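A short reminder: the numbers here are calculations on the coordinates, not readings from a lab. All values reported here derive from a predicted model rather than from experimental measurement. Here the Cβ positions follow ideal geometry from the backbone for every residue, glycine too, while neighbour counts run over all protein chains shown.
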Amino acid sequence: MPPLAYHGSMRPADPFTRLSDYPEHRAFVGQPQRYDLAGGSQFALLFLLGLREHHRLLDFGCGSLRLGRLVIPYLKAGGYFGIEPDRALVDAGLDHELGRDALTLRRPRFLHTSDFRADGFDTTFDFIIAQSVFSHTGVAWVRRALASFAQVLEPGGLVVANFLLGPEGFGPSPETTDWVYPECVAYMPDRLQALAAEAGLVMRACPWPHPELHWFVFAREEAALPPREALGALRVAPPAWRS
């Protein structure tokens, strides 16, 4: 029997009809009607790029555990690390999305800092993911984060991050030193390539679907990047992003 798929009017109705109906911890981190799809999409991407249960993952800007609620149970105990300036968001994720038993069973660790550094855990990572972080700030903070990622990334590890591509100055200037959320900062690919090289990283575009942003993978050396053919296989049809 083929797997069930929902199409058009067959898809179950979303119980929430207004943005104000969604829980605040979901609405604060992006379009809440996409909360489940966004988390699932990130988890699927990481898995297809090679994330396995024994790896150490840094969720940079982990918010209310949109990804964490899926990946914390998957990773072995002590394998998940999250950085999120807003402690209340993490608490809400633990209370309403994951459950606090996971603190004992999986021992995730969290830092509540806003300095765009990744070295506060005194460990290294096999994977670092930054979902919709660099789309809301300027070059100075991207530069600092990438340099810090390079310091804590395992030699064969990957950074997976997305950016808004477009003419610079389309919205807030890339030279801004502010956190401009919910506005977005656009970058040109050559600027991102230069920032990666400055941090000692190499970069390759990843065609995994996202409704607004573009994914890239970074590594400390070319050999650690997924082959272009493998990345090309990630050019799949996008899910039915609800809006």
Please list log₁₀ I(q)/I(0) at q = 0.09, 0.12, 0.22, 0.24 Å⁻¹ for the stretch 136-243, using the Debye equation with identical point scatterers on the alpha-carbon positions. -0.24, -0.44, -1.24, -1.34
Assertion target for Thr177, Thr123, ordered by fewest C-beta neighbours within 10 angstrom first, is Thr177, Thr123
So what is the 222 nm mean residue ellipticity for the chain from helices alone, if each DSSP H run of at least 4 adds -39500 (n - 2.57) and you divide by all residues, rounding to the nearest 500 deg cm²/dmol? -7500 deg cm²/dmol
Find which of Gly79, Thr137, Leu105 sits farthest along the positive direction of the dipole of the stretch 34-232, computed with +1 on the beta-carbon of Lys and Arg, -1 on that of Asp and Glu, about the Cα centre. Leu105
Rounded to the nearest 5, what % of DSSP beta bridges with both residues in the stretch 34-232 are antiparallel? 35 percent
Would you mind ranking Phe43, Phe218 by Cβ crowding within 10 Å, fewest neighbours first? Phe43, Phe218
Equivalent ellipsoid, the stretch 88-187 (semi-axes from 5 times Cα gyration tensor eigenvalues, Å): 27, 18, 12
Inverse of <1/r> over all distinct C-alpha pairs of the chain, i.e. the Kirkwood Rh in Å, gives 18.6 Å
